[in-house]
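Take a look at the structure set out below.
All of the numbers you see were taken from the coordinates with simple rules; none came from a lab. Keep in mind that this is a model prediction, so the values were computed, not measured. Because the Cβ atoms are built from the backbone with ideal geometry, glycine has one as well, and the counts that use them run over all protein chains shown.
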Amino acid sequence: MSGFLDAFAALAQRSGGNVFCVGEMRGDCVPQLKTLKVNNPCQDVYSVAKAFTVTAVGLLVDRGLLSVQETITDVLKDQLPADCAPVWYSTTLDMLLRHQVALPEGFLDIDGWDANEFGEDYLAYTLQYPIPADMAPRYCYTDAAFYLLSRAVEARAGVPLDTFLWKELFFPLDCREAAWSRCPQGHAMGATGLYIRVEDMLKLGRLYLDGGVWQGRRILSQQWVETVRSRGYELNPVGVGDAFGKGGMRGQMLIIIPQQDRVAAWQSCEDTCSADYVRFAAQYRDEAPTEDLH
């Protein structure tokens, strides 16, 4: 067992945290896991799902089937509802990937609200929402942006987001299990609701750490990997140093630490200690573990 996993588990125990499982992957080694509390191995990773949706967009961009400069109305032109709000005709996929929207924060959040409140047609609910004419797009974190991206992927791939990723990402990365929550009309949510194992979260992180290559096979272009980092498409700086990654509700985390050639991930049911765990993972050194954070 790696020193990192043992040290992380010790920190979680001292903190009284509710971490289920933590994993680590270095180099071409297989993922290493440490179970802290027995739980179902396939958990909802909440907003970590967005990093997988970003990857699906990248796969289509690499193939020339999609451009982040296209507007969402161009991509979904055959599916637009009547009375689509004018702002969407100038909203590009790049803007959606950066949460540059004119919607209220938390819009279409199925984790925090009763999903039935959004009706049966989530696309119409979003695109017809009465946005004031003078409200310009600005940064506003909302799951609606990534639901729209899920629909964009489906429109160009010809199959739902999760079906597309099974063929183009999950199978190539030897993922064991994955399932995605869908809206009432059967479209993957994109923003949340991805149920996956810790070991398979690690594989996505390793893919980005290795510039889009997985065990010698190129999955994503180097250009897309660099675009994700430079444009802030969900994988953003976290902790300290050169670490970057993506967190999710209730303490889910995927963190990539290039300086240590390490990817770490964990699943939990808490939020109170999450910042401590991220900081610990980002600064841990195998040769000289960091001092206790408490």
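Here is how the numbers come out for the structure above:
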| item | result |
| --- | --- |
| Computed helical MRE - 222 nm, the chain, DSSP H runs ≥ 4 contributing -39500 (n - 2.57), nearest 500 | -9000 deg cm²/dmol |
| Mean shadow area of the range 67-201, taken as a quarter of the surface of its Cα convex hull (nm²) | 8.4 |
| Student exercise, the chain dipole from Lys, Arg, Asp, Glu Cβ charges, in Debye to nearest 20 | 620 |
| The chain: DSSP helices with Cα axial extent of at least 15 Å and average Kyte-Doolittle hydropathy no lower than -0.5 | 3-15, 49-62, 143-157, 198-209 |
| Set of aspartates and glutamates with alpha-carbon distance to Lys34 below 12 Å, sequence-local pairs under 8 removed | Asp6, Glu24, Glu199 |
| Proximal lysines relative to Lys77, as straight alpha-carbon distance under 24 Å, when same-chain residues fewer than 8 apart are discounted | Lys50 |
| Using a Förster distance of 30 Å, the FRET efficiency for Arg63-Glu105 (Cβ separation, nearest 0.05) | 0.35 |
| Among Tyr147, Ala178, Met189 the positive-end extreme of the charge dipole of the chain (Cβ point charges) | Ala178 |
| Label-point gap, in nm, between Asp121 and Asp74 - each point 7 angstrom along Cα→Cβ | 2.5 |
| Dipole magnitude of the range 50-158 about its Cα centre (Cβ charges: Lys, Arg +1; Asp, Glu -1), debye to nearest 20 | 460 |
